[in-house]
1. Assigning unit charges at the beta carbon (Lys, Arg +1; Asp, Glu -1) and nothing else, what dipole magnitude in debye, to the nearest 20, does region 66-149 show about its Cα centre?
2. Pull out a ≥ b ≥ c, the square roots of the eigenvalues of the alpha-carbon gyration tensor of region 213-282, then state rounded if a/c is under 1.5, prolate if not and a/b is larger than b/c, and oblate in the remaining case.
3. Could you pull out the trypsin sites (Lys or Arg not before Pro) across region 41-140 that fall in loop regions by DSSP (anything but H, G, I, E, B) with no more than 12 other Cβ atoms inside 10 Å?
4. Which ordering of Ile286, Ile319 is given by a fewest-first count of other beta-carbon atoms within 10 Å?
5. Put a dot 7 Å past each Cα toward the Cβ at Asp242 and Thr127; how far apart are the dots in nm?
6. Extending each Cα 7 Å along its Cβ direction at Val167 and Tyr290, get the distance between those two points in nm, one decimal.
7. How much length would be gained if the chain were fully extended between Asn135 and Lys79, taking 0.36 nm per residue of separation minus their Cα-Cα distance, in nm to one decimal?
8. Taking Cα extents along the principal axes in Å straight from the coordinates, which label in (1) 64, 43, 41; (2) 63, 48, 40; (3) 91, 45, 31 is the correct one?
Amino acid sequence: MKLSDFDFALPQSAIAKYPKNPRGSSKLLHLNHQSKIQDYNFQQITSLFQKGDALVLNNTKVIPAYLEGIIAKHCGDKKEVIVYLSKDLGDGKWLGFIKPGKLAKIGEEIVFQDQLLATLIDKDVNTGEVRFEFNINDAALLTTICNIGKMPIPPYFKRKPELSDKVDYQTIFAKYYGSVAAPTAGLHFNEEILQELKNKGVEITYVTLHVGTGTFLPVKTNNITEHKMHCEKFLISQGTADLINQKKKENRRIICVGTTSLRALEAAANSKGILTPQISETDIFITPGYKFKVADALITNFHMPKSTLFMLVCAFSGIDSVKNAYAYAIKHNYRFFSYGDACWLDRLDA
């Protein structure tokens, strides 16, 4: 398939730069098996669940990986830079990006709030990705980053992180630090909604998939099969594997919150849809024609044109149906992307 097959016109006014408050007050579009559309408020999502459903959430926690620093040798005249950390390599080393890139010279040292020092030890001239080595490591380094860093909000917000993003860009069930981008479908859920689902007999379980900056990388190949997906670490616990395997035996629905939860389950399942507990990595690239093995429904946000995420939802609910739903959403003032509204997609062949 061609990249142009996944394009659509999106007005800039549709991109949400801030979330709806309070949490859970966004809109929800339901696209059902018959490709029919219905509008809801997100608080009404509980009406779409049935007793015995399994709800799968991603409990990764976003690292405040946006750091403001000063080139050490220019401290006097304030050569300010922004560092976006992208991947923890261990032993005090991280991959990331620096802006402005022209200031990124090998051997350069960057000071962050007089609490942290990073040395640039390598740079990829093709991607601009930089390798940093910090003066501390492991738990002490993560603690310091969390204390001084800001949330790494998406570039399409076209604004700097604000204090409110520390709360807004983190799910209420986030548990394990490791992501540099939020699993944004989970941002809609509040304690009231989760408790109502439990009261209804929905069983809630968790996977962990640490979201990388690759989630924002554009597809540059016209033939989408030539695109190379980024790799992300995930964990499926014994309890989660057992629960989902049992639900599948009982013909109960598996409802994934976010493309990250769905990708983790699909990557971990065998050809019969059976899960085994594991800590692994996945670069699974889901496009139309993919046969889903685990997920029956997907709760997700509205995605960017020509993105791998838009391709995934087209694979899940059908290209024409999803494009029609997105056109409907634009016409009816739904808000798009990370801080936007949500949609519930039923699997086309479920």
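What follows draws every value from the coordinates through simple rules; no lab data is involved. Every value quoted in this text rests on a predicted model; they were computed, and no experiment measured them. No Cβ is skipped: glycine too gets one built from the backbone with ideal geometry, and neighbour counts run over all protein chains shown.
1. Values: 10 positive and 13 negative charges, 60 e Å.
I would put it at about 280 debye.
2. Numbers: a/c = 2.50, a/b = 2.06, b/c = 1.21.
Prolate, because a/c is 1.5 or more and a/b exceeds b/c.
3. Details: sites: Lys51, Lys61, Lys73, Lys78, Lys79, Lys87, Lys93, Lys102, Lys105, Lys123, Arg131; in loops: Lys51, Lys78, Lys79, Lys105.
Here the trypsin sites (Lys or Arg not before Pro) that fit, given the DSSP loop and packing criteria, are Lys51, Lys78, Lys105.
4. On the way: Ile286 21, Ile319 17.
Sorted ascending by nearby Cβ count, the order is Ile319, Ile286.
5. Result for the modelled spin labels: 3.9 nm.
6. Result for the modelled spin labels: 3.5 nm.
7. 18.1 nm
8. (1)
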